[in-house]
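Notes follow once the structure below has been shown.
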Amino acid sequence: MGKCFCPLFLFGGSMVADNDRIRELVDPILASRGLSLWDLEFQKHGPKWLLRIYIDREEPGVTLSDCEAVSRDLGAILDVEDVIPHAYTLEVSSPGLDRALSKPEHFVRFAGWRVKIKTYQPMEGQKVFIGKLTGFSGNTVSIEVDGGKIIALPIPDIAKASLEVEF
């Protein structure tokens, strides 16, 4: 399933934005719809602020209707709770087929899937690894690259990890 995207322009009040508070507000909305929070980003893009919420569902996947409903419900609650002190754009979408993997539970859930991992510094002579995610333990991701070699990559050394879409 591809990404769905539903922007909503909102205005906040007088407090500093708090990702933990935003998570507290979004979790019950998602749970009531059989969805979960994949990730949350709140960042400045040029002069504008963007709150990006990635939602997920085990099966059958996230629909545009899901994104619209979450955007509408979350937008209303964020306005009432006055969590964000300035104008921002709320964007609700699915993480997509090539979703980023950034949390331990992401690596656990997608063990056995093909992934692409980029490291900050070269490891074993390279910075990009593509192969089968074989596990996650402690603070280390294991990936089986072509030829069957298993490489252990510590989470702090990973710049970016994502599912590698196979067609």
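No value in this document is a laboratory result; all are computed from the given coordinates. Values in this document were obtained by computation on a predicted structure and should not be read as measured data. As a convention, Cβ positions derive from the backbone with ideal geometry for all residues, glycine included, and neighbour counts pool all protein chains shown.
Of all residues in region 128-151, those satisfying the criterion of being within 22 Å of the chain's Cα centre (by Cα), surrounded by fewer than 13 Cβ atoms within 10 Å (Cβ to Cβ) and not β-branched (Val, Ile, Thr) are SER137, GLY138, ASN139.
Among the residues making up region 56-100, those that are in contact (Cβ under 8 Å) with a residue 40 or more places away in the chain and among the β-branched types (Val, Ile, Thr) are VAL62, THR63, VAL70, ILE77, VAL83, ILE84, THR89, VAL92.
Among what's in region 116-127 and is among the charged types (D, E, K, R) and more than 20 Å from the chain's Cα centre (by Cα), pick the residue that is farthest from HIS106 (Cα to Cα). Give the derivation first.
Our first condition is that a residue be among the charged types (D, E, K, R); within region 116-127, this holds for 116, 118, 124, 127.
Narrowing the set further to residues that are more than 20 Å from the chain's Cα centre (by Cα) leaves 124, 127.
Values: GLU124: 24, LYS127: 21 Å.
Checking each candidate, the answer is GLU124.
Exactly one of (1) part of a helix (DSSP H, G or I); (2) surrounded by 14 or more Cβ atoms within 10 Å (Cβ to Cβ) is unmet by VAL80. Its number? So VAL80 meets the others, but not (2).
Count, please, the residues in region 28-71 that happen to be assigned to a helix (DSSP H, G or I), touching a strand residue (DSSP E or B) at 6+ places or on another chain (Cβ under 8 Å) and surrounded by 19 or more Cβ atoms within 10 Å (Cβ to Cβ). Let's see the steps before the verdict.
Step one: filter region 28-71 for residues assigned to a helix (DSSP H, G or I), giving 28-32, 64-71.
Applying the additional criterion that residues be touching a strand residue (DSSP E or B) at 6+ places or on another chain (Cβ under 8 Å) yields 30, 64, 66-68, 70-71.
This time we only want the ones that are surrounded by 19 or more Cβ atoms within 10 Å (Cβ to Cβ), so: 30, 66-67, 70-71.
Count: 5.
Only one of the numbered conditions (1) hydrophobic (A, V, I, L, M, F, W, C); (2) assigned to a loop (DSSP other than H, G, I, E, B); (3) surrounded by 14 or more Cβ atoms within 10 Å (Cβ to Cβ) is not met by VAL165, and that is (3). Annotation note: Cβ proximity below 8 Å between a residue of region 102-115 that is at negative phi and a residue that is surrounded by 13 or more Cβ atoms within 10 Å (Cβ to Cβ) and part of a helix (DSSP H, G or I) (sequence gap 6+ or interchain) occurs for PRO104/ILE155.
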